Amino acid sequence: MLSAHALTRDFSERRAVDGVDLIVRPGRITGFVGANGAGKTTTMRMLMGVLGATSGEVHWQGRPATVEDRRSFGYMPEERGLYPRMTLVDQLAFFARLHGASARSARARALELLGFFDLGDRADDLLDSLSLGNQQRVQIAAALVHRPTALVLDEPFSGLDPHAVDAMLELLQREAGDVPVLFSSHQLDLVERICDDLVVLAGGRVVSAGTVDELRSQGAESYRVEVAG
Ligand code: ATP
């Protein structure tokens, strides 16, 4: 279980994230929604430890998360971190190597994931020869390459058509079906369709949280307003 406790981040005078509590449970997909500037990316960066918190804590399995814990997470950052002039297989193998895989097993894992993502025949192509949708698939594959213990995905489905989203979900299910998954999105319809749980952020604070069904049954249509900004 991945959780945030009173997580807060100031930038100069401005409080971007203000006392956020959230829990991402294993085997459940948690949607993280909110208008532009609500603080989703800043929260996710703190969960991953790439940005320090002004105050508050991130816990993994009920204890403060260590650097090692976070290394085991899979992260898809807002600023995509792939190499346009590297082949797909080299790229994914490189990430696997960063996580300690041998050259041979890194390449095998890279090819396995490319196969899952229907990109096996593009393994030796350069990333920038792919469509944006396919580049996004490689980005998600990069987050999965080390068989992560948790997934933190910043707008992983933006720009994908519904069919591609479904295919991606199937892969997430297969590769990371039993780990906690948190993903941010502006697409509320999509989030309601695929998520178990929902956390709604507005102005750096959690304004609604619960299962999608709970929020719906509470008539929490107001969260739609928050997300729309
Ligand atoms: P979006 O959906 O547009 O990506 P978001 O919900 O992810 O938005 P954040 O990117 O976390 O929101 O931004 C929250 C607030 O913090 C914004 O007002 C943003 O301008 C501010 N902010 C984020 N990073 C920095 C930074 N490095 N320095 C100063 N302000 C920042």
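The values are calculated or read from the model by the stated rules, or taken from the named source; none is laboratory data. Everything numeric here is computed off the predicted structure, so don't read it as measured data. Here Cβ is always computed from backbone atoms with ideal geometry, including for glycine, and neighbour counts include all displayed protein chains. Keep in mind that these areas ignore ligands, DNA and RNA; they rest on the heavy atoms of the full protein, side chains included. Shrake-Rupley method; radii C 1.70, N 1.55, O 1.52, S 1.80 Å.
Summary table
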quantity	calculated
Helix-only mean residue ellipticity at 222 nm for the chain, each DSSP H run of n ≥ 4 adding -39500 (n - 2.57), per residue, nearest 500	-11000 deg cm²/dmol
Centroid-to-centroid separation of the range 28-65 and the range 105-168 [C-alpha atoms, Å]	23 Å
The range 1-140, dipole about Cα centre (Lys/Arg Cβ +1, Asp/Glu Cβ -1), debye to the nearest 20	260 debye
Whole-Å semi-axes of the ellipsoid equivalent to the chain (Cα gyration tensor, √5λ, descending)	30, 20, 16
Cα gyration tensor, the range 7-75 - rounded (a/c under 1.5), prolate or oblate	oblate
Calculated FRET value between T54 and D124, using beta carbons and R₀ = 35 Å, to 0.05	0.15
Extension gain (nm, one decimal) between S158 and E192, 0.36 nm per residue minus Cα-Cα	10.7 nm
Average accessible surface area per residue within the chain, 1.4 Å rolling probe, Å²	46 Å²
Accessible carbon and sulfur surface of the range 147-210 relative to its total accessible area, %, 1.4 Å	47 percent
Ranked packing of 115-127, 149-161, 202-214, most packed first, by mean Cβ within 10 Å	149-161, 202-214, 115-127
The range 34-124: GluC sites (Glu not before Pro) in DSSP loop, at most 11 other beta carbons within 10 Å	E79
Cα-projected label distance for E13 with R205, points at 7 Å along beta-carbon direction, nm	2.1 nm
Listed peptides 190-197, 2-9 by packing density, highest first (mean Cβ within 10 Å)	2-9, 190-197
Proximal charge balance of M76 [Cβ under 9 Å; K/R count +1, D/E count -1]	-2
Proximal charge balance of Q135 [Cβ under 9 Å; K/R count +1, D/E count -1]	+1
